[in-house]
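The values are calculated or read from the model by the stated rules, or taken from the named source; none is laboratory data. Bear in mind that the values here come from a model prediction, so they are computed numbers and not experimental data. Every residue, glycine among them, receives a Cβ derived from its backbone with ideal geometry; neighbour counts consider all protein chains shown.
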Amino acid sequence: MPAVMDQDLQAVQEVRSAIAKAHAAFLQYKEFSQAEVDRVVAAMAEAGFKESARVARMAVEETGYGKIGDKTIKNQFGSRDVYESIKDLKTVGVIREDTKKKIIEIAEPMGVVAAIIPTTNPTSTAFYKILISLKARNAIVISPHPRAKNCIQEAAHVMRKAAEAAGAPGDLIQCLSIPAQEGTNELMRHHDTAVILATGGSAMVRAAYSAGKPAYGVGPGNVPVYIDRSADIVKAVSDAVAGKTFDWGTLCSSEQALVVDAPVADRVIEELKKQKAYFLNEDETTRVGKVLVTPEFRINAEMVGQAPQKIASAAGFSVPEDVRVLVARLQGVGKQFPLSAEKLSPVLSLYIEDGWEKGCERCIELLNFGGRGHTLAIHCENKDIIMQFGLKKPAFRILVNTPAAIGAVGYTTDLDPSMTLGCGSFGGNITSDNIGPVHLMNIKRVAWETKPLSMSRDTHSWRPTISTKAQRSADFPYQKALSSDVSRKGAPKTSEAVSAAKTSDDAAAHSEQKYGTSGMSASQVDEVVRTFLKSRHQ
C-alpha cells in the first residue's frame, strides 16, 4: 500500500511544482513585445468581465459573504476598470527618455509574483492581481484562502484560458489547490519567488513582510467618515450607507464610524432613519459587540459580510426586514467599545462632536485604533477644512463627498483602480499607493555623463540656498496674513480674502515669480506687508 503524504507536505510539494512551472513560463513571457503583452492583458480583462456574474455567485455560495450583485460589480471593476487604467502603461523596453538629463528608463519584470487572496473579495482580487502581474510581464502563483478556494481557482482558470488563447505561455498563471499555511509559507520564501502581493489579515501581512522577499502587504481599515455642518446632508448619509452596505461591508475601505458635526446631528439621524438604519439601544449595542468581536478582540469570521437581520438574530433580537444598516451611538474608542473597531459588516458606530476640530480629534483616535494609514472620508463644502483633514490626518486616502468603500479603490474617484491599498509607514507598509503594475516591475536607468570630472566645482566658498521652487506661498508671512481662518472660533474671512489666498497660493508655486506691475520679489512683498501690519496696530 503506497504511503499517504500529509497534507502539509502535499501543499509544499504543490508550491514547488507550481513555482517551477510559472518560472519557466516567465522566462518566455519576459521576451514578449508590448503589443503581445497588451493582447494578453486585454483578452484576460474581457474574459473576466464576461464571467463576473458567474464567479460572483460562486463566491457568495462558497464563502457565505456579501451579495451576488455587489460582488458582480467588484468583479467588473477588477477586470474592466483595472484594465482601462493600465492599458496605456508602457511595461516593455524603453518606457521613458529624459533628453535634458540624458537618462533612459527601461522596464524589467520582477519574475514570479506570490499572490495571497482573501476570502472577503476573492474573485475580484484574483482578477486584479493577475492583470497587474501579467501587464508587468510577470508570472503569478496564487494562494487562495481555504474558505474561497474553488471560486478563486475558477477566476484564475478564466484568466489563464484567455491568456493562453491570446498567445501567453502555458503555466504563466498558477493557482494552488491545497491551501495550507505550510504551503503559503513555502510560496513566500521560495528562492524563485520574486515579490509577494499579500491581501489578508494582519497575521498574513506580517508573515509576508518577514519572508525575506520584497513584499506589498496592506493594513486594516477602520475608516472614519466626518460629516461637517457645511455638507450636503442627504448625499453624505446616502453615500455613507451605500458604502457601508456595499457587499455587506466586506471591503476594508468601507465606512466604520460616522463622526457628525453637532449642529447637523439631528438631520443626519433623521436621514439615516430614512435610509433604513436601525439604531441600537445600549443593551443591543453590547450584544452586537460580543457577536462581531471575539474575546481575543478579533473580527468574528462567521459574521463578516452578513445582513443586519442575521447579525441581530445572532445577538438575540430582531430587526425589520427592510433594515439596511445597524447604528450604535458610542461615547469612546478602544477595547471597552468593541464597535469602535473595524467591522466588516453593515454596522456603523456614531459619534457627535461639536466643531470640526473635535471631529478631527475623534477621527484621528479611530484611525489610531486600527486604521492608521488607510482611508478617511469627509463630507464638507469648506475647502479649508477639507485641507486640514488632508494635511493632519494619519490616512493616505482622504476621500471628499463620496462613498469611502468604493471611492478608495478608485470606483467613484480617479485614484488608481486597485484591490490592494497601501497604508504606508503609518500602517507598517512599504507604500501608501494603490498597488498597480508599476509596483511589480523594476526600472533600469541608462545615464550619460552630464557633469564630467573636468567640470569646475566650488570646493571652498559654497553655501546652500533655499530654493523658491519648492516653496508654497503659505510659507511666506504675507500668505499667513491673507489666509482664511479655518477655525470657527474667530471671525470668518470674507470670500474675497479666501479667493486672494488661494490665488496667491497657486501663483507662488512657480519659482522666482515677480509680483505687481513693478515686479516686486517675494521678500519685498513680505516687507510691505510687515510694514502695513505694523502701522495698522500702532
Handout entry: region 242-267, residues that are more than 23 Å from residue 408 (Cα to Cα) and not charged (D, E, K, R)
Key = 262, 263, 264, 265
Practice task
Search region 5-18 for residues that are more than 10 Å from residue 176 (Cβ to Cβ) and pair each with any residue that is in a helix (DSSP H, G or I) when their beta-carbon atoms are under 6 Å apart and the residues are at least 6 apart or on different chains.
Solution key: 8/182; 12/182; 12/183; 12/186
Practice task
Return only the number of the condition from (1) of a type in the set (Gly, Ala, Ser); (2) surrounded by 20 or more Cβ atoms within 10 Å (Cβ to Cβ); (3) at pLDDT below 95 that residue 315 does not satisfy.
Solution key: (3)
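In the list 181, 174, which residue meets the criterion of being in contact with a helix residue (DSSP H, G or I) (Cβ under 9 Å, 6 or more places away or on another chain), surrounded by fewer than 23 Cβ atoms within 10 Å (Cβ to Cβ) and not assigned by TED's automatic domain parsing to the domain that holds residue 296? Even if it seems obvious, please write down each step before you answer.
Values: 174 fails: surrounded by fewer than 23 Cβ atoms within 10 Å (Cβ to Cβ).
Going through 181, 174 in turn, just one is in contact with a helix residue (DSSP H, G or I) (Cβ under 9 Å, 6 or more places away or on another chain), surrounded by fewer than 23 Cβ atoms within 10 Å (Cβ to Cβ) and not assigned by TED's automatic domain parsing to the domain that holds residue 296: 181.
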Problem - Wholly within region 48-162, strands (runs of 3 or more DSSP E) carrying at least 2 residues that are surrounded by 21 or more Cβ atoms within 10 Å (Cβ to Cβ) - result: 103-109, 112-117, 139-144
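Does region 12-32 include one or more residues that are hydroxyl-bearing (Ser, Thr, Tyr) and either closer than 30 Å to residue 245 by Cβ or touching a helix residue (DSSP H, G or I) at 6+ places or on another chain (Cβ under 8 Å) (or both)?
Quick first cut of region 12-32, residues hydroxyl-bearing (Ser, Thr, Tyr) only: 17, 29.
Now narrow it down to the ones that are either closer than 30 Å to residue 245 by Cβ or touching a helix residue (DSSP H, G or I) at 6+ places or on another chain (Cβ under 8 Å) (or both): 29.
Yes: one or more hits.
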Fill in the blank from the handout: Within region 294-348, the count of residues that are closer than 25 Å to residue 118 by Cβ and in a helix (DSSP H, G or I) comes to 11
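Just one of 392, 358 is at pLDDT below 95, surrounded by fewer than 18 Cβ atoms within 10 Å (Cβ to Cβ) and within 17 Å of residue 226 (Cα to Cα); which is it?
392
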Exercise for the section: Give the residue, chosen from 117, 103, 68, that is under 30 Å from residue 347 (Cβ atoms) and in contact with a strand residue (DSSP E or B) (Cβ under 7 Å, 6 or more places away or on another chain). Expected result: 117
Practice task
Can you confirm whether region 221-238 contains a residue that is among the aromatic types (Phe, Trp, Tyr) and buried (at least 24 other Cβ atoms within 10 Å of the Cβ)?
Solution key: yes
Handout entry: Condition met for residue 255 (among the acidic types (Asp, Glu) and in contact with a strand residue (DSSP E or B) (Cβ under 7 Å, 6 or more places away or on another chain))
Key = yes
Exercise for the section: Among the candidates 291, 205, single out the residue that is of a type in the set (Val, Ile, Thr), within 22 Å of residue 419 (Cα to Cα) and either part of a helix (DSSP H, G or I) or not assigned by TED's automatic domain parsing to the domain that holds residue 145 (or both). Expected result: 205
